[in-house]
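K.L.:
Take a look at this one; I'll ask things after.
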Amino acid sequence: MEANSTQSAKSSSDAIQIRRSAKAKRLRLAVKPGLIELVVPRGMAESHALAFLDKHKAWAEGKLLELNDKLSRVRPVESFTACPTIPWRGKDIPLFVQEGSRGRVKITVDETVQIMLPQGLGEARDEVALRAFYAWVCRWLRVRVALLAERHALRCNLHHREIRIKHMKTRWGSCGPRNDININWLLALAPESVLEYVVIHELCHIAERNHSPAFWSLVGKHYPKYAEERRWLKFHGGDLMRRFNI
Ligand SMILES: [Zn+2]
(Lines give C-alpha, C1' and ligand atoms only; values in the text may rest on other atoms or scores of the structure.)
Protein backbone atom coordinates (compact mmCIF):
# COMPACT_ATOMS: atom_id res chain seq x y z
CA MET A 1 0.00 0.00 0.00
CA GLU A 2 1.17 3.50 -0.76
CA ALA A 3 2.03 5.76 2.15
CA ASN A 4 1.17 9.34 1.38
CA SER A 5 1.13 12.70 2.97
CA THR A 6 -0.69 15.61 1.47
CA GLN A 7 -0.05 19.30 1.93
CA SER A 8 -1.18 22.45 0.15
CA ALA A 9 1.48 23.93 -2.06
CA LYS A 10 2.91 27.35 -1.35
CA SER A 11 1.17 28.65 -4.39
CA SER A 12 -1.31 31.28 -5.41
CA SER A 13 -3.71 28.57 -6.54
CA ASP A 14 -5.82 26.75 -3.92
CA ALA A 15 -6.38 23.98 -6.40
CA ILE A 16 -2.78 22.76 -6.15
CA GLN A 17 -1.82 20.10 -3.63
CA ILE A 18 1.46 18.37 -3.01
CA ARG A 19 1.42 14.69 -2.22
CA ARG A 20 4.52 12.87 -1.01
CA SER A 21 4.54 9.31 -2.24
CA ALA A 22 6.75 6.39 -1.27
CA LYS A 23 5.84 4.65 -4.50
CA ALA A 24 6.37 7.46 -7.05
CA LYS A 25 9.64 7.25 -8.97
CA ARG A 26 9.49 10.72 -10.51
CA LEU A 27 7.77 14.09 -10.17
CA ARG A 28 4.39 14.18 -11.78
CA LEU A 29 1.45 16.58 -12.10
CA ALA A 30 -1.97 14.94 -12.04
CA VAL A 31 -5.05 16.92 -13.03
CA LYS A 32 -8.24 15.73 -11.33
CA PRO A 33 -11.68 17.35 -11.05
CA GLY A 34 -11.15 20.60 -9.10
CA LEU A 35 -7.58 19.73 -8.19
CA ILE A 36 -4.00 19.73 -9.46
CA GLU A 37 -1.84 17.29 -7.59
CA LEU A 38 1.93 17.38 -7.58
CA VAL A 39 3.18 13.90 -6.75
CA VAL A 40 6.64 14.06 -5.20
CA PRO A 41 8.81 10.99 -4.59
CA ARG A 42 9.59 10.68 -0.90
CA GLY A 43 12.98 12.16 -0.06
CA MET A 44 13.08 14.63 -2.95
CA ALA A 45 13.96 18.20 -1.96
CA GLU A 46 10.97 20.56 -1.77
CA SER A 47 12.85 23.27 -3.73
CA HIS A 48 13.26 20.87 -6.63
CA ALA A 49 9.54 19.97 -6.55
CA LEU A 50 8.47 23.62 -6.41
CA ALA A 51 10.74 24.53 -9.34
CA PHE A 52 9.10 21.75 -11.36
CA LEU A 53 5.68 23.06 -10.30
CA ASP A 54 6.53 26.62 -11.38
CA LYS A 55 7.63 25.42 -14.76
CA HIS A 56 4.52 23.31 -15.48
CA LYS A 57 1.84 25.17 -13.50
CA ALA A 58 0.41 27.09 -16.46
CA TRP A 59 0.02 23.87 -18.45
CA ALA A 60 -1.73 22.10 -15.53
CA GLU A 61 -4.04 25.06 -14.87
CA GLY A 62 -5.05 25.04 -18.53
CA LYS A 63 -5.81 21.31 -18.29
CA LEU A 64 -7.82 21.87 -15.09
CA LEU A 65 -9.96 24.55 -16.78
CA GLU A 66 -10.54 22.17 -19.70
CA LEU A 67 -11.54 19.35 -17.35
CA ASN A 68 -13.85 21.53 -15.23
CA ASP A 69 -15.52 22.82 -18.38
CA LYS A 70 -16.02 19.28 -19.67
CA LEU A 71 -17.49 18.10 -16.36
CA SER A 72 -19.86 21.06 -16.11
CA ARG A 73 -21.37 20.03 -19.44
CA VAL A 74 -22.18 16.52 -18.15
CA ARG A 75 -25.71 16.40 -16.84
CA PRO A 76 -25.37 15.64 -13.14
CA VAL A 77 -27.64 12.94 -11.81
CA GLU A 78 -28.61 13.85 -8.28
CA SER A 79 -30.73 10.80 -7.70
CA PHE A 80 -30.53 7.35 -9.28
CA THR A 81 -34.13 6.51 -8.36
CA ALA A 82 -35.41 9.80 -9.82
CA CYS A 83 -34.05 9.07 -13.32
CA PRO A 84 -36.91 8.52 -15.76
CA THR A 85 -34.83 6.19 -17.92
CA ILE A 86 -31.74 4.08 -17.67
CA PRO A 87 -29.41 2.87 -20.43
CA TRP A 88 -29.69 -0.86 -20.92
CA ARG A 89 -27.75 -2.71 -23.65
CA GLY A 90 -27.31 0.55 -25.53
CA LYS A 91 -30.89 1.80 -25.36
CA ASP A 92 -32.58 4.11 -22.85
CA ILE A 93 -35.49 2.26 -21.23
CA PRO A 94 -37.91 3.48 -18.52
CA LEU A 95 -36.97 3.04 -14.87
CA PHE A 96 -39.73 2.41 -12.34
CA VAL A 97 -38.95 2.44 -8.65
CA GLN A 98 -41.60 1.44 -6.14
CA GLU A 99 -41.68 0.81 -2.44
CA GLY A 100 -43.51 -2.00 -0.76
CA SER A 101 -41.53 -5.21 -0.97
CA ARG A 102 -40.91 -7.05 2.29
CA GLY A 103 -37.28 -7.09 3.31
CA ARG A 104 -35.47 -7.63 0.05
CA VAL A 105 -35.04 -5.54 -3.09
CA LYS A 106 -36.61 -7.06 -6.20
CA ILE A 107 -35.39 -6.22 -9.67
CA THR A 108 -36.92 -7.07 -13.03
CA VAL A 109 -35.40 -6.02 -16.34
CA ASP A 110 -37.21 -6.51 -19.64
CA GLU A 111 -38.55 -3.61 -21.70
CA THR A 112 -38.26 -1.54 -18.52
CA VAL A 113 -36.20 -1.68 -15.33
CA GLN A 114 -38.41 -2.21 -12.27
CA ILE A 115 -36.95 -1.90 -8.81
CA MET A 116 -39.11 -2.78 -5.82
CA LEU A 117 -37.67 -1.46 -2.56
CA PRO A 118 -38.57 -2.14 1.07
CA GLN A 119 -40.44 0.70 2.73
CA GLY A 120 -38.90 3.21 5.09
CA LEU A 121 -35.39 3.38 3.62
CA GLY A 122 -35.34 7.17 3.94
CA GLU A 123 -32.08 8.72 2.76
CA ALA A 124 -30.55 5.31 2.01
CA ARG A 125 -33.18 4.70 -0.71
CA ASP A 126 -30.99 5.83 -3.59
CA GLU A 127 -27.92 3.93 -2.54
CA VAL A 128 -29.82 0.73 -1.75
CA ALA A 129 -31.47 0.83 -5.19
CA LEU A 130 -28.21 1.48 -7.06
CA ARG A 131 -26.29 -1.19 -5.11
CA ALA A 132 -29.03 -3.74 -5.77
CA PHE A 133 -29.08 -2.82 -9.46
CA TYR A 134 -25.28 -3.21 -9.55
CA ALA A 135 -25.45 -6.67 -7.95
CA TRP A 136 -28.23 -7.72 -10.34
CA VAL A 137 -26.29 -6.48 -13.39
CA CYS A 138 -23.10 -8.29 -12.26
CA ARG A 139 -24.96 -11.61 -12.07
CA TRP A 140 -26.69 -11.07 -15.42
CA LEU A 141 -23.53 -9.92 -17.17
CA ARG A 142 -21.42 -12.80 -15.88
CA VAL A 143 -23.65 -15.28 -17.72
CA ARG A 144 -23.65 -13.13 -20.86
CA VAL A 145 -19.84 -12.68 -20.86
CA ALA A 146 -19.29 -16.41 -20.19
CA LEU A 147 -21.33 -17.23 -23.30
CA LEU A 148 -19.50 -14.70 -25.46
CA ALA A 149 -16.08 -15.72 -24.15
CA GLU A 150 -16.81 -19.40 -24.70
CA ARG A 151 -17.98 -18.79 -28.26
CA HIS A 152 -14.94 -16.69 -29.18
CA ALA A 153 -12.44 -18.74 -27.16
CA LEU A 154 -13.15 -21.75 -29.36
CA ARG A 155 -13.09 -19.74 -32.57
CA CYS A 156 -9.89 -17.83 -31.68
CA ASN A 157 -8.23 -20.62 -29.73
CA LEU A 158 -7.68 -18.28 -26.77
CA HIS A 159 -8.71 -19.88 -23.50
CA HIS A 160 -9.47 -17.84 -20.38
CA ARG A 161 -9.92 -18.92 -16.76
CA GLU A 162 -12.30 -17.10 -14.40
CA ILE A 163 -14.61 -14.31 -15.46
CA ARG A 164 -15.28 -11.52 -12.98
CA ILE A 165 -17.66 -8.64 -13.40
CA LYS A 166 -16.86 -5.63 -11.30
CA HIS A 167 -16.86 -1.91 -10.84
CA MET A 168 -13.78 -0.47 -12.52
CA LYS A 169 -13.11 3.24 -12.33
CA THR A 170 -11.11 3.79 -15.46
CA ARG A 171 -11.01 0.58 -17.49
CA TRP A 172 -13.49 -1.51 -19.44
CA GLY A 173 -11.76 -4.80 -18.92
CA SER A 174 -8.51 -6.47 -18.01
CA CYS A 175 -6.81 -9.81 -18.43
CA GLY A 176 -4.73 -11.08 -15.53
CA PRO A 177 -1.41 -12.94 -15.78
CA ARG A 178 -3.23 -16.25 -15.26
CA ASN A 179 -5.78 -15.42 -17.97
CA ASP A 180 -8.57 -14.38 -15.62
CA ILE A 181 -10.79 -11.85 -17.34
CA ASN A 182 -12.34 -8.86 -15.58
CA ILE A 183 -15.14 -6.94 -17.23
CA ASN A 184 -16.58 -3.57 -16.17
CA TRP A 185 -20.24 -3.97 -15.09
CA LEU A 186 -21.20 -0.83 -17.06
CA LEU A 187 -20.76 -2.74 -20.32
CA ALA A 188 -24.23 -4.19 -19.68
CA LEU A 189 -25.49 -0.67 -20.31
CA ALA A 190 -23.56 -0.32 -23.59
CA PRO A 191 -24.61 -1.86 -26.93
CA GLU A 192 -24.02 -5.61 -27.14
CA SER A 193 -21.44 -5.12 -29.93
CA VAL A 194 -19.33 -2.98 -27.57
CA LEU A 195 -19.45 -5.68 -24.88
CA GLU A 196 -18.48 -8.29 -27.47
CA TYR A 197 -15.53 -6.20 -28.63
CA VAL A 198 -14.22 -5.77 -25.05
CA VAL A 199 -14.51 -9.53 -24.43
CA ILE A 200 -12.51 -10.24 -27.61
CA HIS A 201 -10.01 -7.51 -26.71
CA GLU A 202 -9.35 -9.19 -23.35
CA LEU A 203 -9.17 -12.67 -24.92
CA CYS A 204 -6.54 -11.36 -27.36
CA HIS A 205 -4.42 -10.26 -24.36
CA ILE A 206 -3.99 -13.96 -23.60
CA ALA A 207 -1.78 -14.12 -26.71
CA GLU A 208 -0.45 -10.53 -26.69
CA ARG A 209 0.07 -8.90 -23.30
CA ASN A 210 0.39 -5.34 -24.63
CA HIS A 211 -1.22 -2.93 -27.10
CA SER A 212 1.38 -3.46 -29.82
CA PRO A 213 0.53 -3.48 -33.55
CA ALA A 214 0.55 -7.31 -33.31
CA PHE A 215 -2.14 -7.11 -30.64
CA TRP A 216 -4.37 -4.82 -32.70
CA SER A 217 -3.96 -6.96 -35.78
CA LEU A 218 -5.10 -9.97 -33.73
CA VAL A 219 -8.15 -8.02 -32.48
CA GLY A 220 -8.87 -6.99 -36.09
CA LYS A 221 -8.65 -10.59 -37.24
CA HIS A 222 -11.23 -11.73 -34.69
CA TYR A 223 -13.39 -8.58 -34.66
CA PRO A 224 -12.83 -6.58 -37.88
CA LYS A 225 -15.06 -3.58 -37.02
CA TYR A 226 -13.50 -2.94 -33.62
CA ALA A 227 -12.72 0.74 -34.43
CA GLU A 228 -16.45 1.49 -34.33
CA GLU A 229 -16.84 0.02 -30.83
CA ARG A 230 -13.75 1.84 -29.58
CA ARG A 231 -15.26 5.06 -30.89
CA TRP A 232 -18.49 4.34 -29.00
CA LEU A 233 -16.54 3.88 -25.77
CA LYS A 234 -14.58 7.05 -26.40
CA PHE A 235 -17.72 9.14 -26.88
CA HIS A 236 -20.10 7.57 -24.37
CA GLY A 237 -17.96 5.62 -21.94
CA GLY A 238 -16.89 8.56 -19.78
CA ASP A 239 -20.52 9.63 -19.26
CA LEU A 240 -21.46 6.11 -18.14
CA MET A 241 -18.55 5.99 -15.68
CA ARG A 242 -19.42 9.40 -14.22
CA ARG A 243 -23.15 8.75 -14.03
CA PHE A 244 -22.89 5.34 -12.36
CA ASN A 245 -19.95 5.98 -10.12
CA ILE A 246 -20.98 3.64 -7.33
ZN1 LIG B 1 -6.06 -3.97 -23.60
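K.L.:
Determine which aspartates and glutamates satisfy two conditions relative to LYS91: a Cα distance under 14 Å, and not lying fewer than 8 residues away in the same chain.
P.N.:
Leaving aside aspartates and glutamates fewer than 8 places away in the same chain, those within reach of LYS91 are ASP110, GLU111, GLU192.
K.L.:
Per residue Cα convex hull volume for the stretch 166-246, in cubic angstrom?
P.N.:
In the stretch 166-246, the Cα hull volume divided by residue count equals 86 Å³.
K.L.:
From the cross-link list LYS32/LYS63; LYS23/LYS55; LYS23/LYS63; LYS25/LYS169, which pairs have alpha carbons spaced over 20 Å apart?
P.N.:
LYS23/LYS55; LYS23/LYS63; LYS25/LYS169
K.L.:
Roughly speaking, to the nearest percent, how much of the chain's 1.4 Å accessible area is carbon and sulfur?
P.N.:
On the chain, the fraction of accessible area on carbon and sulfur atoms equals 52 percent.
K.L.:
Can you bin the chain into rounded, prolate or oblate? Criterion: square roots of the alpha carbon gyration tensor eigenvalues sorted a ≥ b ≥ c, rounded for a/c under 1.5, prolate for a/b above b/c, oblate for the rest.
P.N.:
oblate
K.L.:
Divide by every residue of the chain the summed helix terms, -39500 (n - 2.57) for each DSSP H run of at least 4, and state the resulting mean residue ellipticity at 222 nm, rounded to the nearest 500 deg cm²/dmol.
P.N.:
Computed ellipticity for the chain at 222 nm equals -13500 deg cm²/dmol.
K.L.:
Quick one: helix 46-72 against the long Cα principal axis of the chain, what's the angle to the nearest 10°, folded into 0 to 90?
P.N.:
Tilt relative to the chain: about 40 degrees.
K.L.:
Using the alpha-carbon atoms, what tilt in degrees (0 to 90, nearest 10) does helix 213-222 show relative to the longest principal axis of the chain?
P.N.:
Computed tilt is about 10 degrees.
K.L.:
Quick check on the stretch 111-180: take the gyration tensor over C-alpha atoms, sort the square-rooted eigenvalues as a ≥ b ≥ c, and tell me if it's rounded (a/c under 1.5), prolate or oblate. Please report the intermediate quantities before stating the final value.
P.N.:
Numbers: a/c = 3.97, a/b = 2.31, b/c = 1.72.
Judged from the Cα gyration tensor, the stretch 111-180 comes out prolate (a/c at least 1.5, a/b above b/c).
K.L.:
How tilted is helix 192-207 with respect to the longest principal axis of the chain? Cα atoms for both, answer in degrees (0 to 90, nearest 10).
P.N.:
It is inclined by approximately 60 degrees.
K.L.:
Let me ask something else about it. Of the listed peptides 132-139, 150-157, 178-185, what is their order by residue-averaged count of other C-beta atoms within 10 Å, with the highest listed first? Provide the component values of the computation, followed by the final result.
P.N.:
Values: 132-139: 17.0, 150-157: 13.6, 178-185: 19.0.
Ranked by mean Cβ neighbours within 10 Å, highest first: 178-185, 132-139, 150-157.
The values are calculated or read from the model by the stated rules, or taken from the named source; none is laboratory data. None of the values given here were measured: they were computed from a predicted structure. Every residue, glycine as well, gets a Cβ built from its backbone with ideal geometry; the counts of neighbours run over all protein chains shown. Side chains included, ligands, DNA and RNA excluded: accessible areas come from the protein's heavy atoms. Shrake-Rupley method; radii C 1.70, N 1.55, O 1.52, S 1.80 Å.
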